[in-house]
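Everything below concerns the one structure shown next.
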Amino acid sequence: MDDCANTSATKTHADAQRLACLQRVPGVLFTLQRDARGRLQLPALTGDDPMTRRLAPLATANDVRQRLGDLLGEAYGEFIRAIEHSAHWLSPVSTRLRLPVGELNPHWYSLEALPERCDDSILWHGLLIDIEDQVAEEQRLRYLSGTDELTGLANRRSLVSQLDKAASMSNRHGVPLSLLFVDLDHFALINDTWGRGLGDRVLCQIAALASSQLRQEDYLARMGSDEFALLLPMTPAGRGRELAERLRENISRHDFGIGRHKVTVSVGVSDYQRGVTGAQLMQQVHANLVEAKQQGRNRVIQRWSPQRSD
C-alpha cells in the first residue's frame with residue numbers, strides 16, 4: 001500500500017509540474033472541439049498570455065460560437081474560415097489574427113493548430129501566440145526596403161519599380177511621361193565644412209521643397225547620397241523642364257542656415273518615347289544631368305529620349 005501511495009503521490013506531483021510548465025507557456029495552448037452539429041467548445045486552455053484570461057470564461061460554455069464572435073470581433077470571420085477549411089481537409093490551421101487584448105490596442109497573433117477526428121467530432125490542438133513585435137519588425141523592414149530612411153521619400157528601388165509601371169502605361173496608351181534627376185552641386189563641400197548633420201538637414205529641406213512642387217500623382221524619390229528623382233506622369237518634357245527650373249530657382253533662393261553659402265542643384269530632364277525602356281530613359285536623364293554639371297552647374301538640361309535629339 002505504501003508503494004502504491006508513493007507512486008500515486010509521485011504521479012500527482014509530476015502532473016502538477018507539467019501543468020505548471022504549461023501555464024508558463026508564452027502563449028495560449030488550447031484544445032478546440034467541433035461536434036457533429038457544428039458547436040464549438042474549448043475543453044482545454046492554458047498559458048501565460050492575456051488572451052488566456054480573456055478566453056477562460058468560454059471554457060465551460062456548451063457552444064462558444066456567439067461569445068467567441070463577440071470576443072474576437074472582426075477577426076472572427078478569418079478564424080471561422082480557417083477552421084472550416086481545416087475541418088473539410090483535415091489540414092493544419094496556420095493563420096494570423098488581429099485580436100483585442102483587454103483595453104489595449106489589438107495585437108497580431110499567430111494561430112497554429114493540428115486537427116484530428118474523434119468519433120463524430122473534430123479536435124484541434126493548437127497554440128495562439130502574440131507576434132505583435134514580429135509583425136512590427138516585418139512592417140519596418142518592408143518600409144525600409146522601399147523608403148529612404150533619412151528623408152522618408154521612396155528610394156531608388158521603389159522609383160525603378162514605379163518607372164517601369166509608368167513607362168508601360170505610356171507605351172500602351174501614348175500618354176506623356178517625364179523624368180527629372182536633381183543633384184546637389186558641391187554637396188561634399190557642405191558636409192566637409194558644416195558636418196554631416198547639417199548636410200542631412202539640407203537634404204531633408206530639399207526633399208520638402210521638391211514635394212511642395214508636386215501633384216498627388218507625381219513620384220519623388222531619393223536616388224542616392226545627394227541625388228533625387230521626380231517622376232511626372234501625364235507630363236510632356238516641356239512642362240517637366242518648367243517644373244525643374246522652378247525647383248532650381250526655389251532651392252537657390254532658399255535659406256538653408258549655412259551663412260552666405262548658396263545651395264544650388266543641377267537637373268537633367270527627359271521625356272518618355274514609345275518603345276524606350278525605363279532603364280534607357282534613366283540613362284538619358286542621367287546623361288543630361290552630367291551635361292548640366294559639365295556646363296557649370298546650377299542649370300537644367302533637357303534632352304529627348306535616346307532615340308531623338310534636340
Between Arg98, Arg81, Arg67, which is in a strand (DSSP E or B) and either more than 25 Å from the chain's Cα centre (by Cα) or surrounded by 13 or more Cβ atoms within 10 Å (Cβ to Cβ) (or both)?
Arg98
If you check every pair at least six apart or on different chains, which have Cβ atoms under 6 Å apart with a residue in region 276-294 that is more than 15 Å from Ser178 (Cα to Cα) first and a residue that is among the β-branched types (Val, Ile, Thr) second?
Glu291/Ile301; Ala292/Ile301
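Tell me which residues, restricted to region 107-155, are β-branched (Val, Ile, Thr) and under 28 Å from Pro43 (Cβ atoms).
So the first thing to find is which residues in region 107-155 are β-branched (Val, Ile, Thr), and the list is 122, 129, 131, 135, 147, 151.
Within region 107-155, Ile122, Ile129, Ile131 meet the criteria.
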For region 165-208, give me each residue that is exposed (fewer than 15 other Cβ atoms within 10 Å of the Cβ) and among the basic types (Lys, Arg).
Lys165, Arg172, Arg196
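If only one of Ser211, Ser266 is over 11 Å from Leu179 (Cβ atoms), among the polar types (S, T, N, Q) and surrounded by fewer than 23 Cβ atoms within 10 Å (Cβ to Cβ), which one is it?
Values: Ser266 fails: surrounded by fewer than 23 Cβ atoms within 10 Å (Cβ to Cβ).
Just a single option satisfies the conditions, and that option is Ser211.
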Among (1) among the hydroxyl-bearing types (Ser, Thr, Tyr); (2) within 35 Å of the chain's Cα centre (by Cα); (3) at pLDDT below 90 - the single one Tyr272 does not satisfy
(3)
Of residues in region 218-252 being part of a loop (DSSP other than H, G, I, E, B) and among the hydroxyl-bearing types (Ser, Thr, Tyr), the one farthest from Thr264 (Cα to Cα)
Thr235
Could you please let me know if Gly152 is part of a helix (DSSP H, G or I) and not basic (Lys, Arg)?
no
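I'm trying to understand the selection: among the residues of region 118-135, which are more than 21 Å from Met51 (Cβ to Cβ) and either of a type in the set (S, T, N, Q) or in a helix (DSSP H, G or I) (or both)?
First, the residues of region 118-135 that are more than 21 Å from Met51 (Cβ to Cβ): 118-122.
Once the filter is applied, which keeps residues that are more than 21 Å from Met51 (Cβ to Cβ) and either of a type in the set (S, T, N, Q) or in a helix (DSSP H, G or I) (or both), region 118-135 yields only Ser121.
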Single residue of region 241-269 satisfying the filter (at pLDDT 95 or above and aliphatic (A, V, I, L, M)) that is farthest from Asp164 (Cα to Cα)
Ile251
Based on this model, can you work out whether Glu138 counts as more than 30 Å from Ser270 (Cβ to Cβ) and either within 27 Å of the chain's Cα centre (by Cα) or assigned to a strand (DSSP E or B) (or both)?
yes
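When you look at Arg215, is it in the same structural domain as Asp183 (by TED's automatic domain parsing), over 21 Å from Ala188 (Cα atoms) and outside any loop (DSSP other than H, G, I, E, B), yes or no? I'd like the intermediate steps shown before the answer.
Numbers: in the same structural domain as Asp183 (by TED's automatic domain parsing): yes; over 21 Å from Ala188 (Cα atoms): yes; outside any loop (DSSP other than H, G, I, E, B): no.
No.
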Taking interchain pairs and intrachain pairs at least six residues apart, which have beta carbon atoms under 6 angstrom, with the first residue in region 68-83 and assigned by TED's automatic domain parsing to the domain that holds Leu111 and the second β-branched (Val, Ile, Thr)?
Ala82/Val93; Ala82/Thr95
Do we find that Asp49 is touching a strand residue (DSSP E or B) at 6+ places or on another chain (Cβ under 7 Å), within 15 Å of Gly126 (Cα to Cα) and either surrounded by fewer than 17 Cβ atoms within 10 Å (Cβ to Cβ) or touching a residue at least 60 places away in the same chain (Cβ under 8 Å) (or both) in this structure?
yes
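The values are calculated or read from the model by the stated rules, or taken from the named source; none is laboratory data. Remember, it's a predicted structure, so these values are computed and weren't measured experimentally. Methodologically, a virtual Cβ is constructed for each residue, glycine included, from the backbone with ideal geometry; neighbour enumeration extends over all protein chains shown.
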